[in-house]
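Below is one structure, written out as C-alpha cells, with a few remarks after it.
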Amino acid sequence: MAFDECLAGRVEDALIREPGIIKKKMFGVACYMRNGNAFAGVWGDSLIVRTGPGAYDTAIEEPHVCEFDITGKPMKGWVVVGPDGINDDSSLQEWLRRAMDFANSLPRKA
C-alpha cells in the first residue's frame, strides 16, 4: 500500500523544528525516526504511531485508533490512527508528540 504524500507533508511540516528526525521509505510506509528509533509513519491515509507498551492500552481505546497489523501479526506498542483522528493539525501534532516521547525514552541506535 502506498502512502498519502499529502499526509506525509503534514507530518514533515509538524516535525520541521524537531532536531535529528530522519524520514525513510520502508515497505510502502513513510517512516520517521529519531536516534535510529522509528516512532511514526504514514501508511495509506493513516498515521502509524509507536506508543510503546505502557501507553498502548490507552491509545487503542481512543476514537479512530486500531492495532497496527499489516502481516497478520499485530506490532506490539504500535497503533494506527485513521484519517478522522488526525484531520486537524493539533490532533496530528499530539499523536506525533506522544510517539516522540516514547522514542526519546529509548537508547540511541548506532
Quiz item: For the range 83-110, what are the residues that are crowded, with 16+ Cβ neighbours inside 10 Å, out of contact with any Pro (no Cβ under 8 Å at 6 or more places or on another chain) and not charged (D, E, K, R)?
Solution: 86, 92, 93, 95, 96, 99, 100, 102, 103
Practice problem: Answer yes if at least one residue in the range 45-64 is assigned to a helix (DSSP H, G or I) and either closer than 21 Å to residue 5 by Cα or in contact with a Ser or Thr (Cβ under 7 Å, 6 or more places away or on another chain) (or both), and no otherwise. | Solution: yes
Exercise. Could you check, for the range 62-69, whether at least one of its residues is touching a strand residue (DSSP E or B) at 6+ places or on another chain (Cβ under 9 Å) and either surrounded by 19 or more Cβ atoms within 10 Å (Cβ to Cβ) or aromatic (Phe, Trp, Tyr) (or both)?
Key: yes
Quiz item: In the range 71-110, what residues are out of contact with any Cys (no Cβ under 9 Å at 6 or more places or on another chain), outside any helix (DSSP H, G or I), hydrophobic (A, V, I, L, M, F, W, C) and within 21 Å of residue 6 (Cβ to Cβ)?
Solution: 86
Quiz prompt | Residues within the range 13-34 that are of a type outside the set (A, V, I, L, M, F, W, C), within 12 Å of the chain's Cα centre (by Cα) and more than 13 Å from residue 100 (Cβ to Cβ), tallied | solution = 1
Quiz item: If we scan the range 52-60, do we find a residue that is modelled with pLDDT under 95, over 12 Å from the mean Cα position of the chain (by Cα) and of a type outside the set (A, V, I, L, M, F, W, C)?
Solution: yes
Quiz prompt | Subset of the range 13-41 [of a type outside the set (D, E, K, R) and in a loop (DSSP other than H, G, I, E, B)] | solution = 16, 19, 20, 27, 28, 35, 36
Quiz prompt | Within the range 1-12, tally of residues that are surrounded by fewer than 13 Cβ atoms within 10 Å (Cβ to Cβ), under 14 Å from the mean Cα position of the chain (by Cα) and part of a loop (DSSP other than H, G, I, E, B) | solution = 0
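The values are calculated or read from the model by the stated rules, or taken from the named source; none is laboratory data. This one's a predicted model, so the numbers in the text were calculated from it and none came from an experiment. A quick note on method: Cβ atoms are made from the backbone with ideal geometry, for glycine too, and the neighbour counts reach across all protein chains shown.
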